[in-house]
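Note sheet for the following structure.
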Amino acid sequence: MADKDSIRARIWDRLADDEIARFPFPPHGRITNFKGASEAAERAMALPELDGADAVKANPDAPQLPLRRRLLKAGTTVYMAVPRLGEEACFVELDPASVSDLDAAPTVSHMGSYGTRVGPEALPEVDAVVSGSVAVDHVGVRVGKGEGYSDLEFGVLREFGLVDDDTPTVTTVHDVQVIEAAVDPDRHDVPIDIICTPTRTIRTEPGAKPTGIYWSALDSTRREEIPILDRIAH
């Protein structure tokens, strides 16, 4: 099995060296924006899982901004987590019916101004989850930037009954981020059902999705920094 850290380093170097990465720079240490992100978003919007969706939970990173904008313009309510889940109302609801600027609203710098902060109890069951990835393999094992917040957000939603094994998970990446090497997933890793690149749509055969929050994987510092965890634990 491939090591996640070595995969991240190799992919970030490739995105930089081949000038695939786009602003913000440098590509290292982040869910990297990439040339063709808009085309990948168009491909994702053609999916039946997203076409006509009422509610989608999406990551806040730059490469998925074109997809978040398309979702809002299609009438889908988009939910984005606040940075590091640092508030008890840990999601921002972007309802296209009440947002005045559908281009600015889903940016990480403006979502708080245009959206409404809500706790998980205010969310509906989501129709799909959109995640950013550093890399993803053909069976749907995702490699993120290594902080674990995307997986934790899914775990929170699962604890509140808002996602389940059948909730489709979608990522948009550049073709070079789809890797052949098998990745050994951790128990809390959320697998990807559908990969959209600028040129391909790949339906994977992923393993089971996490059943909730795996407390043994959380240290005391992270528990203290994320208010919603205290509510769930009690």
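The values are calculated or read from the model by the stated rules, or taken from the named source; none is laboratory data. Remember, predicted model here, so these are calculated numbers, not experimental data. Reconstructed Cβ throughout: ideal geometry from the backbone, glycine too, with neighbour counts over all protein chains shown. We work out accessible area using only protein heavy atoms, side chains counted, and drop any ligands, DNA or RNA first. Shrake-Rupley method; radii C 1.70, N 1.55, O 1.52, S 1.80 Å.
Each residue of the range 5-12 in order: what ³J(HN,Hα) in whole Hz does its phi give by Karplus 6.51 cos²θ - 1.76 cosθ + 1.60, θ = phi - 60°, with x for Gly and Pro?
The phi angles translate into 5, 5, 5, 4, 4, 5, 5, 4 Hz.
Which percent, to the nearest 5, of DSSP beta bridges fully inside the range 1-109 are antiparallel?
Within the range 1-109, antiparallel bridges account for around 60 percent of the total.
Could you tell me the calculated FRET efficiency between residue 38 and residue 219, based on Cβ-Cβ distance and R0 = 45 angstrom, to the nearest 0.05?
With R0 = 45 Å, the Cβ-Cβ based efficiency is 0.70.
Can you tell me, using C-alpha contacts under 8 Å and at least 6 residues apart, the relative contact order of the range 172-227 as a whole percent?
Once divided by the residue count of the range 172-227, the mean separation gives 31 percent.
With no solvent and one point per C-alpha, what does the Debye sum give as log10 I(q)/I(0) for the chain at q = 0.10, 0.11 Å⁻¹?
At q = 0.10, 0.11 Å⁻¹ the computed log10 ratios are -0.42, -0.51.
Express the relative contact order of the range 11-82 as a whole percentage, based on alpha carbon pairs under 8 Å and six or more residues apart in sequence.
With pairs under 8 Å counted, the relative contact order is 27 percent.
From the phi angles alone, apply the Karplus equation (6.51, -1.76, 1.60; θ = phi - 60°) to the range 147-158 and give each ³J(HN,Hα) in whole Hz, x where the residue is Gly or Pro.
Whole-Hz 3J(HN,Hα) from phi for the range 147-158: 8, x, 6, 4, 5, 5, 4, 4, x, 4, 4, 5.
Exposed loop trypsin sites (Lys or Arg not before Pro) only (DSSP loop, at most 13 other Cβ atoms within 10 Å): please give the longest stretch of the chain free of them, not including the sites.
Result for the longest clean stretch: 1-186.
In nanometres, what is the gap between the two model label sites at residue 5 and residue 23, each 7 Å from Cα along Cα-to-Cβ?
3.3 nm
Just to confirm, what accessible area per residue do you get for the chain at 1.4 Å probe, in whole Å²?
Using a 1.4 Å probe on heavy atoms only, each residue of the chain averages 44 Å².
Would you kindly work out the equivalent ellipsoid of the range 79-128 from its C-alpha gyration tensor and give its semi-axes, the square roots of five times the eigenvalues, largest first in whole Å?
Working through the eigenvalues yields semi-axes of 17, 14, 9 Å.
I'd like to know which of 197, 212, 179 lies farthest towards the positive end of the charge dipole of the range 135-228, counting +1 on Cβ of Lys and Arg and -1 on Cβ of Asp and Glu.
Among 197, 212, 179, the one farthest towards the positive end of the dipole of the range 135-228 is 197.
Name the residues of the range 176-199 whose amide N is less than 18 Å from a point 7 angstrom out from the Cα of residue 138 along the C-beta direction?
176-185, 192-199
In percent, what relative contact order does the chain have, based on Cα pairs under 8 Å that are 6 or more apart in sequence?
22 percent
At a temperature of 25 °C and a viscosity of 0.890 mPa s, determine how fast the range 95-234 diffuses translationally according to Stokes-Einstein, using the Kirkwood radius over alpha-carbon pairs as Rh; express D in µm²/s, rounded to the nearest whole number.
Roughly 149 µm²/s, to the nearest whole number.
Just to be sure I understand: of the beta bridges DSSP finds with both ends in the chain, what percent are antiparallel, rounded to 5?
Bridges in the chain are about 45 percent antiparallel.
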